[in-house]
1. Just want to confirm a number: the relative contact order over the stretch 93-236, from Cα pairs under 8 angstrom separated by 6+ residues, in percent.
2. From the residues ALA63, PRO119, ALA140, which one has its Cα farthest along the dipole of the stretch 25-142 in the positive direction, the dipole being from +1 and -1 charges on Cβ of Lys/Arg and Asp/Glu about the Cα centre?
3. So what is the relative contact order for the chain, in percent, with contacts set as C-alpha pairs under 8 Å and at least six apart?
4. With point charges of +1 on the Cβ of Lys and Arg and -1 on the Cβ of Asp and Glu, referenced to the Cα centre of the stretch 224-297, which listed residue (GLY279, LEU264, THR247) lies farthest in the positive direction of the dipole?
5. A 26 angstrom limit on the alpha carbon distance is what I want to check against. Which of LYS168/LYS451; LYS62/LYS451; LYS62/LYS170; LYS62/LYS168; LYS250/LYS438; LYS62/LYS372 exceed it?
6. Enumerate the calculated ³J(HN,Hα) couplings along the stretch 334-348 in order (Karplus 6.51 cos²θ - 1.76 cosθ + 1.60, θ = phi - 60°), each rounded to whole Hz, writing x wherever the residue is Gly or Pro.
7. I'd like to compare 201-213, 131-143: which one has the highest average count of other Cβ atoms within 10 Å, and what's the full order after that?
8. Please list, in chain and number order, the residues 5+ apart from ASP130 or on another chain whose amide H is under 5 Å from its amide H, with Hs placed from the backbone.
Amino acid sequence: MKSAVPLAIALLASQTSSTDLLSPEKIEAEINTINLQRNLWNLNHIANGNGGNRAFGLPGYKASSDYILERVQERFANEFDTSLQYFNHTFEQTRNISVTGPDGEDVLVKTLLYNSPTPLPGGITAQLIDTPVDDSRGSACFEDQWTGINASGKLALVKRGTCAIADKLKLAKGHGALGVILWNNIAGEPASATLSAANIGLLVPVGVIQQDVGQVWSARLSAGEELVVNLLVDAIFEQRESWNIITETKAGDPNNVVFLGAHLDSVQAGPGINDDGSGTSALLEIASAFRHYKNIPNKVRFAWWGAEESGLIGSLHYTSSLTEVEADKIRFYLNYDMIGSPFPIYTIYKNDGQGGDVGAQALLDYLVAAGKPAYYGSFGSSSDYVGFLQLGIPASGIFTGAGAPADFCYHLSCDTTANINEESLTINAKAAGVVAAKLALSLDGVPPRNKTSVNPRSRMQIRAMLTMWNVVTEDAAHAHSCSHKSQNIV
Ligand SMILES: *[C@@H]1O[C@H](CO)[C@@H](O)[C@H](O)[C@H]1NC(C)=O
Ligand SMILES: *[C@@H]1O[C@H](CO)[C@@H](O)[C@H](O)[C@H]1NC(C)=O
Ligand SMILES: *[C@@H]1O[C@H](CO)[C@@H](O)[C@H](O)[C@H]1NC(C)=O
Ligand SMILES: *[C@@H]1O[C@H](CO)[C@@H](O)[C@H](O)[C@H]1NC(C)=O
Ligand SMILES: [Zn+2]
């Protein structure tokens, strides 16, 4: 008996250490479609029970946050340290919007985030005037496109597409318009977009109508008819508090952190299951898998970002609050925003000179080995990697495409559990898990943070972006990639 005890302990110890050994293959094996789907089902259910969305400033976000916390903060409390990082940002909600056409008919109309209110209760009733269509530069986005147009006291009819909607509304205001009726550049239900909090007070109210209605009104105007229409927007603005969820493995070197991020908020228009329930679910399953390993050489940190859809607010708040010392410890950032698009285009983020090659290569290798046509695409300004790139932190990630042809339900109410390619989501989540494990085991080949790429004013710029948003708006307007937030302002 005496000798049996140390033997049992030795046996136990050797068993524990072998099963405890982290490996990419073990993480890969633990991630499965059923668990990924279950998270999405729950997020969809949360949206359904909270007005159809999980957006910043609304109860669906809190419920989504509770769902994550029940796991990482409660069930994983022995293996993970979790904290909430709070911030305030301007919240806008359109409580009511209507457009009444020239024949007294109610027209289907959609609002945009940060829309301006019209006078209430009657809204604006005014003559409609047309503006020229320019599909190459975008319509009514440049001063010269307004030459000879006196919109004073009128509602301006403008075609959507190509350039930032906020620019159209700014020029409309400058030319005296009381509001804009924006007609969609593609058929179907107009998608949501953001005018951005930075433009509050600079824009006229807008209602987005369907393409066919806009075309008919434009034709009637050019035939010389006088059309009078009504636009009503009942919108509120106020500061609301939101938060990021940050959780990290207790195990691992705190001076060498591998960081995975996905945004937890949706747009107000829908439940956000591909955007970004997909990344949210993947991170949750990867964290669940890491929970079983204690010998993690490099610490793994996960963030579920808040208010991404309002302009990357949560992640910019986080990155702009980091000290130099803390930023140095983050060795690699991986972004997973929209990784389950129904018709996936497997894009791996990689920029020359950003130092993210090791992670990008590992993601690409995994997807190619799984038989997927993955390719490298450059970062845009479209998701939560922006703040990390600005700090010179090596980064990569996966993005499977927003809008047609990859995801027809982008920013729409149909971004539900039906809007997911399960096979793609599973493979991407496994790729993300495998690469997280590889980097957690070894950061060989990952360069230190490139501080020469960091403009001394960069931190101030990130701060400025939180309120001004100029950089991102400009980048997005000039982006030629399929970066998803370039659509979000167009
Ligand atoms: C957000 O604003 C409210 C009201 O001004 C304030 O009480 C709260 O402390 C703010 N939160 C943060 C994180 O700044
Ligand atoms: C929205 O505005 C329209 C037009 O004024 C009005 O008929 C309708 O009752 C309003 N709806 C709500 C929910 O306030
Ligand atoms: C524009 O139209 C308004 C009202 O129709 C008029 O008062 C104003 O003088 C016009 N402005 C110019 C520059 O023509
Ligand atoms: C660091 O960034 C600068 C500016 O983007 C670039 O010129 C340089 O090659 C980078 N250095 C490394 C080691 O990647
Ligand atoms: Zn997104």
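1. Numbers: 342 pairs, mean separation 55.3, N = 144.
It rounds to 38 percent for the stretch 93-236.
2. Of the options given, the answer is ALA63.
3. 20
4. The one lying farthest along the dipole's positive direction is THR247.
5. Violating the 26 Å limit, Cα to Cα: LYS168/LYS451; LYS62/LYS451; LYS62/LYS170; LYS62/LYS168; LYS62/LYS372.
6. 10, 10, 10, 10, 6, 10, x, 4, x, 10, x, 10, 7, 9, 10
7. Numbers: 201-213: 20.8, 131-143: 16.8.
In decreasing order of mean packing, 201-213, 131-143 become 201-213, 131-143.
8. For ASP130, whose amide H was placed from the backbone, the distant partners under 5 Å are LEU157.
Bear in mind these aren't lab numbers, they're just calculated from the coordinates by the rules spelled out. Predicted, not measured: the structure shown is a model, and the values here were computed from it. Positions of Cβ are generated from backbone atoms using ideal geometry, with glycine treated the same way; all protein chains shown enter the neighbour counts.
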